[in-house]
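Participant: One structure, as structure tokens, below. Some questions next.
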Amino acid sequence: MTHYTLDELGWRPAFLQSLDLDHEAISDVVRISAVHRDAYEAIGPDGEIRLHMMPIETPVEARPTVGDWVLMDRALERPARVLDRQTLFARKAAGHDHSVQLIAANVDAGFIVSSCNDDFNLPRLERYLSLVRDAGAFPVIVLTKADLSEDAADFAARARKIAGDCPVETVNARDPAELEKLMIWVGKNQTLALLGSSGVGKTTILNALTGKDEAVSGIREDDAKGRHTTRGRSMHKLTNGGWAIDLPGMRELALAGTQEGLESTFGDLLELTRQCRFSDCRHEQEPGCAVRAAIESGDLDEARLVRYRKLEREIERNETSIHEQRNKQRGFTKTVKQVQSQRWAHRKRT
Ligand SMILES: Nc1nc2c(ncn2[C@@H]2O[C@H](COP(=O)(O)OP(=O)(O)OP(=O)(O)O)[C@@H](O)[C@H]2O)c(=O)[nH]1
Ligand SMILES: [Mg+2]
Ligand SMILES: [Zn+2]
């Protein structure tokens, strides 16, 4: 078994702040490397370890996701609690109950993977951009299957129009030499997450960057849809000393974030709205509307304005309930800490 130091696992001094060092030992800290239905896998300086799930009443946001740092309860062989996250990828869970689903934590760079084929879809790219920026991670758009397309440069140009300062790369993911240019976006001890629909080549990229041989499989010919080959979420060591989290293809990405990610993704549009004559301009028929002027001159795609409004409404709808959920989690973390320190105080006395 390979052993990694905390630094090599991506530890940052900031995580210390969420440990109460009088009661909690840094030697009980491990990083979650895989999440299964009935158990977690974690890696720490002592090697790999399997942990039981947390109690069923633990709120979703207080449960570990892949990439999380957790404090272990060695006696119960399970996470006692999750250390404060530096970044968190989350989406709204399917269904109507407004609950959040955690995707990955403590990620530095998010590779938004799509292909130069029918998978390519600007609204979806904008959703992923908002998710990654909202999490506080650095987005990179990676367009695979450039080798199978006559107009890869065209796909890249369309992506760049909405990408802002996010880099856009086109690759043949089956050629490891071509993927080297992606390595500059993830440094030693940093963590990268691979996001995108099924079949776009996330695991193919992972294999090239890790030298591993995780399962990949072909897509349907007619609509370029994948077969949901990757089922679990797992973290792997890259040959350059970084880490990559491979994720299953997402069928649906409902945003669970705040306005922040949206605002940076639509920065160009918001800049225009500030130039409208009326501060409450709705960009419909008002005189002096900079947004309409840009649409008429061809500088702004009207569809982008429509997509912005749609996402804005979606976020507004979800924000309140998610906010409530976060508060609940805070309360929960506090209780866990109290119980733990009482337990410690008790042990010290006896
Ligand atoms: N020619 C070519 N094939 C690619 C490229 N990227 C991926 N593929 C192929 O596309 C298929 C799907 O790739 P995967 O890596 O399994 O896709 P995935 O994103 O991990 O899919 P899920 O695990 O289902 O989410 C495989 O047959 C790959 O060999 C590429 O850039 N060029
Ligand atoms: Mg996969
Ligand atoms: Zn306007």
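Participant: Collect the residues in the stretch 298-321 that are charged (D, E, K, R) and open to solvent by 50 Å² or more (accessible area, probe 1.4 Å), keeping them in residue-number order. Write out each step before concluding.
Facilitator: So the first thing to find is which residues in the stretch 298-321 are charged (D, E, K, R), and the list is 299, 301-302, 304, 307, 309-310, 312-314, 316-317, 319.
Passing the criteria: ASP299, ASP301, GLU302, ARG309, LYS310, GLU312, ARG313, GLU316, ARG317, GLU319.
Participant: Can you name the strands (runs of 3 or more DSSP E) wholly within the stretch 74-174 that have at least 1 residues being open to solvent by 30 Å² or more (accessible area, probe 1.4 Å)?
Facilitator: Working: elements: 78-82, 88-92, 100-105, 109-115, 138-144, 168-170.
Where strands (runs of 3 or more DSSP E) fall fully within the stretch 74-174 and carry at least 1 residues being open to solvent by 30 Å² or more (accessible area, probe 1.4 Å), they are 78-82, 88-92, 100-105, 138-144, 168-170.
Participant: Of the conditions (1) in a loop (DSSP other than H, G, I, E, B); (2) more than 6 Å from ligand 1 (Cβ to nearest atom); (3) within 16 Å of the chain's Cα centre (by Cα), LEU206 satisfies every one except a single condition; which number is it?
Facilitator: (1)
Participant: Mind listing whichever residues of the stretch 287-297 are part of a loop (DSSP other than H, G, I, E, B) and either surrounded by 15 or more Cβ atoms within 10 Å (Cβ to Cβ) or within 16 Å of ligand 2 (Cβ to nearest atom) (or both)? Steps first, answer last, please.
Facilitator: So in the stretch 287-297, the residues part of a loop (DSSP other than H, G, I, E, B) come out as 287-289.
Matches in the stretch 287-297: CYS289 only.
Participant: I need a count of the residues in the stretch 228-286 that are among the hydroxyl-bearing types (Ser, Thr, Tyr), in a helix (DSSP H, G or I), surrounded by fewer than 21 Cβ atoms within 10 Å (Cβ to Cβ) and touching a residue at least 24 places away in the same chain (Cβ under 8 Å). Give the derivation first.
Facilitator: Let us first name the residues in the stretch 228-286 that are among the hydroxyl-bearing types (Ser, Thr, Tyr), namely 229-230, 234, 239, 258, 264-265, 273, 279.
Next cut, in a helix (DSSP H, G or I) only: 264-265, 273.
Adding the requirement that they be surrounded by fewer than 21 Cβ atoms within 10 Å (Cβ to Cβ) leaves 264, 273.
Subset that is touching a residue at least 24 places away in the same chain (Cβ under 8 Å): 264.
Looking only at that region, the number is 1.
Participant: Further, regarding this structure: Being of a type outside the set (A, V, I, L, M) and either closer than 15 Å to LEU76 by Cα or in contact with a strand residue (DSSP E or B) (Cβ under 7 Å, 6 or more places away or on another chain) (or both) is the filter here, so list the residues in the stretch 21-37 that pass it.
Facilitator: The first filter runs over the stretch 21-37 and keeps only residues of a type outside the set (A, V, I, L, M), leaving 22-24, 27-28, 31, 33, 36-37.
GLU24, ASP28, ARG31, SER33 - these are the residues of the stretch 21-37 that are of a type outside the set (A, V, I, L, M) and either closer than 15 Å to LEU76 by Cα or in contact with a strand residue (DSSP E or B) (Cβ under 7 Å, 6 or more places away or on another chain) (or both).
Participant: For the stretch 3-55, give me the residue count where each residue is out of contact with any Ser or Thr (no Cβ under 8 Å at 6 or more places or on another chain), within 21 Å of VAL186 (Cα to Cα) and of a type in the set (Val, Ile, Thr).
Facilitator: 1
Participant: Continuing with the same structure: Assuming HIS52 fulfils every condition listed in (1) buried (at least 19 other Cβ atoms within 10 Å of the Cβ); (2) at pLDDT 95 or above apart from one, which condition is it?
Facilitator: With respect to (1) buried (at least 19 other Cβ atoms within 10 Å of the Cβ); (2) at pLDDT 95 or above, HIS52 is out only on (1).
The values are calculated or read from the model by the stated rules, or taken from the named source; none is laboratory data. Not measured: the values here are computed from a predicted model. Glycine gets a Cβ as well: all are built from the backbone with ideal geometry, and neighbour counts include every protein chain shown. Surface areas here come from the heavy atoms of the whole protein model, side chains and all, with no ligands, DNA or RNA. Shrake-Rupley method; radii C 1.70, N 1.55, O 1.52, S 1.80 Å.
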